[in-house]
Amino acid sequence: MGSESNLIEFQAMSLVGEEISHMALDIGGSLIKMVCFLNSDSAGDQSPQSKDEKRDIPNGKLSGHFLRGNLHLLKFETSKISDCIEFLSSKKLQRCGKWCPESRTDDKITVKATGGGAFKFAELFKEKLGITLDKADEMDCLVSGSNFLLKVVQREAFTYMDGKKEYVQIDQKDLFPYLLVNIGSGVSMIKVDGEDKFQRVSGTSVGGGTFLGLGKLLTNCKSFDELLELSHQGNNRVIDMLVGDIYGGLDYSKIGLTSNAIASSFGKAITEHKELEDYKAEDISRSLLRMISNNIGQIAYLNALRFGLKRIIFGGFFIRGHAYTMDTISVAVNFWSKGEAKAMFLRHEGFLGALGAFTSCERDGLDDMMAHELVEHLPSGVNSPKDGVIQDSDPIENENIKV
Ligand SMILES: Nc1ncnc2c1ncn2[C@@H]1O[C@H](COP(=O)(O)OP(=O)(O)O)[C@@H](O)[C@H]1O
Ligand SMILES: CC(C)(COP(=O)(O)O)[C@@H](O)C(=O)NCCC(=O)O
């Protein structure tokens, strides 16, 4: 099964010069995600194994070409697609985006790509790099990427609540059905019933792009990371109207709302005594993050209820392993489902589509590179506590979140 390893989101340029032997792209509304296999032979690896070396793999099936190297997960901002083009032009991409010992530089290069950008930027990749984007459906790739990770990476899915992160070992026989909620620029909610059996059952346009877009408009933030960092120090009670603000400090216990539950997100800003500049950016960012996370958690729960699903798995780069975001979503799901449904998160949250596209390249012999062989090269998530979950200093536990 999959080994534990470390996701290191590489600074793309640090890989300049090495040879990409295989890659796939997910070009979304906000971010370009790239999964690329760098053939270590090109990095001067003198080990005796020949490139053609075949390698027995446990099920006795011979793999195609044995790829020796590292699997890299990279991301670029879609608005800065030139960085991605520049990175690729600095690489020697083998024919068909795959490792071909006999390929020549003028060979036609085809790269599997998913996401809306595979359509929008097809001409640009052709013109600038001579690369033909072989389009793969976005939902297909999200689901196959999620199933791939849940199947082969031992510590992929985890729960996160009240500051506690717990990995979940999912029995393969018990994996389906689940609700996959991908929080990207927008949000897709997909009922997954099997390897190739799924239905997009809902979505919402109030997603990661909403947080970033409104956040930029309402604060001076220039980036997602800045906005997220700010939310850390913020206090949403300055802006959110709590039940107690309406009920004179009392609970509304008849309907199960305590006085510090949120009654109305941004409700305090209705006062005419204050302007935007009278509010701190960190408080705005925190209220925004909570409002959007709550909202998504609640819609996800309602769709899980609709189909009797107990497992809700959240992906997409909006989450970024951020404690406050995950806790808010988990509390929302837990509260509305009365503990029946469980929110789970993924370490490789933002790369579902790109990994789905990468592993779909049958023509590159990848179907011979069985999942567990591929996963030996797969870095693990940045979201393990030591690596990158932003520990939330906010006293979440002493504030009931209205969900
Ligand atoms: N470095 C970043 N730059 C921009 N947005 C980011 C970044 N990191 C996380 N995000 C958040 O993730 C969202 C994009 O998530 P992603 O899963 O890549 O969706 P998409 O496929 O629409 O790009 C953004 O809208 C934003 O909320
Ligand atoms: C259109 C999209 C699938 C594109 O995916 P993304 O680039 O946002 O990851 C997604 O933005 C979405 O599902 N938006 C919500 C549309 C709706 O209201 O269902």
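Against the list (1) surrounded by fewer than 17 Cβ atoms within 10 Å (Cβ to Cβ); (2) within 16 Å of ligand 2 (Cβ to nearest atom); (3) in contact (Cβ under 8 Å) with a residue 24 or more places away in the chain, the condition Q233 fails is (2). For region 330-356, filtering for residues that are more than 16 Å from ligand 2 (Cβ to nearest atom), within 14 Å of L150 (Cα to Cα) and either part of a loop (DSSP other than H, G, I, E, B) or polar (S, T, N, Q) (or both) leaves 1. Is it fair to say C84 is within 16 Å of ligand 2 (Cβ to nearest atom) and at pLDDT below 95? When the stated conditions are applied, C84 passes them.
Residues in region 93-117 that are more than 16 Å from ligand 2 (Cβ to nearest atom), surrounded by 14 or more Cβ atoms within 10 Å (Cβ to Cβ) and modelled with pLDDT of 55 or more: L93, D107, I109, T110, V111, K112. Look at (1) modelled with pLDDT of 95 or more; (2) surrounded by 15 or more Cβ atoms within 10 Å (Cβ to Cβ) and you find that V153 fails only one, number (1). With respect to the conditions (1) small (G, A, S); (2) within 13 Å of ligand 1 (Cβ to nearest atom); (3) in contact (Cβ under 8 Å) with a residue 60 or more places away in the chain, G203 falls short on a single one, namely (3).
Taken together, the criteria place K254 among residues that are more than 16 Å from ligand 2 (Cβ to nearest atom) and not assigned by TED's automatic domain parsing to the domain that holds E166. Scanning region 217-256 for residues that are within 16 Å of ligand 1 (Cβ to nearest atom), part of a helix (DSSP H, G or I) and in contact with a helix residue (DSSP H, G or I) (Cβ under 7 Å, 6 or more places away or on another chain) yields L218, F224, L227, L230, S231. Only one entry in S337, S285 is within 16 Å of ligand 1 (Cβ to nearest atom) and over 20 Å from the mean Cα position of the chain (by Cα), namely S285. Put simply, of L180, L214 the only residue that is buried (at least 21 other Cβ atoms within 10 Å of the Cβ) and either within 16 Å of ligand 1 (Cβ to nearest atom) or modelled with pLDDT of 95 or more (or both) is L180. Of a type in the set (D, E, K, R) and surrounded by fewer than 18 Cβ atoms within 10 Å (Cβ to Cβ): does that describe D240? Judged against the criteria, D240 is not a match.
The values are calculated or read from the model by the stated rules, or taken from the named source; none is laboratory data. Computed from a predicted structure; not experimentally measured. Note: ideal-geometry Cβ built from the backbone for every residue, glycine included; neighbour counts use all protein chains shown.
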